[in-house]
1. Using θ = phi - 60° and the Karplus form 6.51 cos²θ - 1.76 cosθ + 1.60, what ³J(HN,Hα) does each residue of region B:35-52 get, whole Hz, x for Gly and Pro?
2. Pull out the extension gain between A:Q53 and A:Q88, defined as 0.36 nm times the separation in residues minus the alpha carbon to alpha carbon distance; nm, one decimal.
3. Run the quick spin-label model on B:L97 and A:L103: label points 7 Å from Cα toward the beta carbon, then report their separation in nm to one decimal.
4. Where Lys and Arg each count +1 and Asp and Glu each count -1, what net charge lies around A:W93 among other residues with Cβ under 12 Å from its Cβ?
5. Using only the alpha-carbon atoms, what does region B:1-101 span along each of its principal axes? Please give whole angstrom values in decreasing order.
6. What is the residue of chain B with the smallest Cβ distance to the axis taking B onto A, and what is that distance in whole Å?
7. Dipole magnitude of region B:1-111 about its Cα centre, charges +1 at Lys/Arg Cβ and -1 at Asp/Glu Cβ only, in debye to the nearest 20?
There are 2 protein chains.
Amino acid sequence: MHQPAATIDHVFHALGDATRRAIVVQLGRGPASVSELATPLPISLAAVVQHVQVLEASGLVATRKQGRVRTCSLIPNTLLEAERWLAQRRALWEGRLERLEALMQVRTSIDHAATTAPVDAATEEEPA
Amino acid sequence: MHQPAATIDHVFHALGDATRRAIVVQLGRGPASVSELATPLPISLAAVVQHVQVLEASGLVATRKQGRVRTCSLIPNTLLEAERWLAQRRALWEGRLERLEALMQVRTSIDHAATTAPVDAATEEEPA
DNA sequence: ACAAAAGTCAAGTCGTTACTTAACTGTTGG
DNA sequence: CCAACAGTTAAGTAACGACTTGACTTTTGT
């Protein structure tokens, strides 16, 4: 029970910031201290601490302090939750597409086994 | 070439906002006009238009205007790109874990085929 | 014991961003 | 033709979020 209310909302909000994503990338390569995370970044240590706090609150990273150094590591399961959220939207959408294609196929084969449907044309903006 | 510079940065920034995620959820169920998207939301139509613009710039949604109604739809491939970004961080991390576990297993089986490692204890903060 | 290292905390600044209202354009049904 | 509809644009406001600085705490190496 380290991150009590780690909602999808917090996760995507945390990932919405480029610096925080850079931190996540770095942590992908393995655990790191706050200072190590700060070194390649063009911001102050204090700012990095704040980012780490956000990431921790979101459930994306876990931290553990030993002596004076706080070591941060990724929580893969939270990454997975975000993946699943996206995958679900996509699945719904693609499910729709498939059903629609199926319908179309029925339609065209019933109508008059015709010329492969001209469903395209201009992809952008119609003037009038 | 509808969304010229649709970077991962734009995608995650777009997903960082709760209202925009709500729109994405809605679009998961199928295409919708701007007004339809606005109906369940507690904000003005103009605000929704702005969100749709952000989503379109990010490559997450495509829109097409016919007459006076603009119809929005998801672009599943962009969702997929975000998924992949997350999956890649996770894969790296989990790869590390596996290698580490492998090492541990070698160590323990060499050392003295011993009692299943007591690697746990307190999970949070060490005082001193 | 002391100085440097590694964070932490609290204000405060400043830019960004979500949102509103209002005026406006194009579209459609009657 | 005209009223309502669907959306767009612009300008402004208000809140939020990222970042800084500076003071402070705890830990560690010598």
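Since every read-out is calculated from the coordinates, none of them should be taken as a lab result. Only a predicted model underlies this, so the values are computations on that prediction, with no experimental measurement involved. With ideal geometry, Cβ positions are generated from the backbone for all residues, glycine too; neighbour counts draw on all protein chains shown.
1. Values per residue, Gly and Pro as x: 5, 4, 5, 6, 3, x, 8, x, 10, 6, 4, 4, 5, 5, 3, 4, 4, 4 Hz.
2. The span from A:Q53 to A:Q88 would gain 9.8 nm if fully extended.
3. Each label point is offset 7 Å from its Cα along the Cβ direction, giving 4.2 nm.
4. Taking every Cβ under 12 Å from that of A:W93, the sum is +3.
5. 59, 32, 21
6. Per the B/A rotation axis, the closest residue of B reads B:G16, 1.
7. Dipole magnitude for region B:1-111 comes out near 360 debye.
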